[in-house]
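Beneath this line is the structure, given in structure tokens, with notes to follow.
Laboratory data are not the source of any read-out in this text; all were calculated from the coordinates shown. Predicted model only: the values in this text are computed from it and were never measured. Virtual Cβ from ideal backbone geometry, glycine too; neighbours counted across all protein chains shown.
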Amino acid sequence: MGSQLKRLTMYNEVKNLFEKGLRISQISRSTGLDRKTVRKYLRMNDLEFQGHLSSIACRRRKLEDYEEFVRGRIRQCPDCSAAQVEDWLKEQYPDLDDISIRTVYSFVQQVRHKYNLVKPGKTWRQYHPVEQLPYGKQAQVDFGEAWMQTIDGKRIKVYFMVTILSRSRQKSVLCCLQPVTARFAVEAHEHAFQSFRGIPDTVVYDQDSVLVRQENHGAILYTNEFKQYLLHRKFTPHVCRKADPESKGKVEAAVKYVKDNFLRGRRFSSIEVLQQEAEGWLQRTANANVHASTRLVPQAEWLIEQPYLKPFTPLPSSLPAIAGQSYHVRRDNTVSYRGNLYSLPLGTYQGPGTTVQLEVSDRHLVLSDNSGALLARHERSHRKGVMVINNHHRRDISRSVMELQEQLIGKFSDPEQAHLFLHSIHNRYPRYSRDQYLHLQKTCSSSSQELRDRTLDYCIRHRLFSCGEFQDVFLNYRKAEEQTEHSTIKAFRPVMPQGDLQKVLQLTPETSLISTYQHIFG
């Protein structure tokens, strides 16, 4: 009924505009109707238009034969969408003609109206007003990200952390160009506490993986890096329930405020310039304007709140460096980061749950173990599906150089001579001694004791101190041995009795005349 009334209203509008002297194209722009529809309405009189409406009302719908199926599915799933109904129809009736989603939507609405199958409404969460917290009691923290346009027209993603004092609404913002890590989170905390000139009693967070490992039924398990930081900053962390960001609505609104009021429309030149601009924005706008909820100026309220904050002193320089974000190590001793694989030294993987700390700069990616020891440093790839490998990581670092030396010395008859040879290699190739020793071990693995000793003696006498020269001498000696064996085989003559040998020498093979073959082939 509503659609017919809408058509009737539009029909009358078209007639009125035409009587005023408007052309068809002008009527089309004014009403939003297609020019063909405008012409069709102008050709009709009132009686013809009523007949047109009647024909539409009794027009057969494309999905009319599937009405019972659609009604049954809607009863089973009252909150289903038209897109789901379309998929169910295609699944149940593979030979169904092509139909548009608008056709399905219109038919679903008709079925709901005809059989009173009302779609359940959204259950709204009930809120109650939160009492004003005391000065110095609480701060809230959250992370955000936004795309910006650079001065040369490119796009770049900026990450930031917002800290807000819950009572005064004083804000602090710190920006960076890399995804948020534990190190950045600590720096942002320190930046906020320094700008607030104090530390609140409680800081509220959501369950971000940078800070929280597991909710653990209320016994929160923090990441190692954040736990280490909490040992030096005596505030109480309060973690929101999972998937419940509205419980820290003050900072959620502040993150949106940073995106919409500060970052939107701003050109990016460098992270240092952006941070300076953020500080200026905080002073003249975010902390200087009257807050929409409290109707007070955050800067003025912060001056009142400051004496209630705990004193702030910078962290001691002896504090161990906070590592980057934890990443799981794969079985092949690699870490996956943004669609690429980066290698780690062989033996880093120690079973499920093995993690390393990952830090990212503009050009490099640094991987460290949980104690902070450097494991790998790679050039960062901005492509996708790339495997970045350091060939040094393929070496077996679980075996020390001294252990390899002892094993190699045991393969020779003269330990002193072997030790001299290996020590000379180490002095000549101090950075590659392990590679030299592994190559020697491979060369000596399938040879006789005599051949190894002869090769060693030759190399020492001629001062050939490398695995490649040892291998050349070794192969030369082995080739000479093989040639000697072949010569012995060629010189072999079978011993036979004299009479039998004479008979063998007197044997002559049978032959055939060529005429025989000519006769056979005609």
Within 12 Å, Cβ to Cβ, of Y257, how many net charges do the neighbouring residues add up to if Lys/Arg are +1 and Asp/Glu are -1? +3
Extension gain R478-R71, at 0.36 nm per residue separation less the Cα-Cα distance, in nm? 137.8 nm
On full extension of the chain, what length is gained from Q194 through R331, given 0.36 nm per residue of separation minus the C-alpha to C-alpha distance? 45.0 nm
Report, in debye and to the nearest 20, how large the dipole of the stretch 326-394 comes out about its Cα centre when Lys and Arg carry +1 and Asp and Glu carry -1 on their Cβ. 260
Rg to Rh quotient for the chain, alpha carbon positions, Kirkwood Rh: 1.26
Bins of 10 Å, beginning at zero and ending with the bin holding the largest distance: percent of Cα pairs per bin for the stretch 64-115, please. 24, 66, 10
With a sphere of radius 12 Å drawn around the Cβ of I101, what net charge do the other residues whose Cβ falls strictly inside it have (Lys, Arg +1; Asp, Glu -1)? -1
With respect to the cross-link table entries K90/K242; K6/K62; K154/K256; K114/K242; K259/K310; K227/K259, which display a Cα-Cα separation exceeding 32 Å? K90/K242; K114/K242
Report the percentage of all Cα-Cα pairs in the stretch 401-490 whose separation exceeds 20 Å, rounded to a whole percent. 31
Say R0 is 56 Å: what FRET efficiency, to the nearest 0.05, do V118 and E19 get from their beta-carbon distance? 0.85
Report, in deg cm²/dmol and to the nearest 500, the calculated mean residue ellipticity at 222 nm for the chain, where each DSSP H run with n ≥ 4 adds -39500 (n - 2.57) and the sum is divided by the residue count. -13000 deg cm²/dmol
Relative contact order of the chain, pairs being alpha-carbon contacts under 8 Å that are 6 or more residues apart, as %: 9
Convex hull volume of the Cα atoms in the stretch 138-308, per residue, in Å³? 113
Which residue, L221, T181, I164, has the largest displacement toward the positive end of the dipole of the stretch 138-308 when charges sit on each Cβ (Lys, Arg +1; Asp, Glu -1)? I164
Among W281, W88, W147, which comes first, second and so on when ranked by fewest other beta-carbon atoms within 10 Å? W147, W88, W281
Once both label points are put 7 Å beyond Cα along the C-beta direction, the K234-T355 separation in nm becomes 2.8
Which semi-axis lengths, in whole Å and largest first, follow from the square roots of five times the eigenvalues of the Cα gyration tensor of the stretch 2-57? 19, 11, 10
Got a sec? How would Y342, Y229, Y93 order by Cβ neighbour count within 10 Å, fewest to most? Y93, Y229, Y342
Two decimals is fine: what's Rg over Rh for the stretch 1-150, C-alpha atoms, Kirkwood radius as Rh? 1.20
Nothing charged except the Cβ atoms of Lys and Arg (+1) and of Asp and Glu (-1): what's the magnitude of the dipole of the chain about its Cα centre? Round to the nearest 20 debye. 2560
Between the alpha carbon centres of the stretch 40-111 and the stretch 390-452 the gap in Å comes to 81
Taking only the alpha-carbon positions of the stretch 326-394 as identical scatterers, the Debye log10 I(q)/I(0) at q = 0.12, 0.15, 0.20, 0.27 Å⁻¹ comes out as -0.26, -0.41, -0.75, -1.39
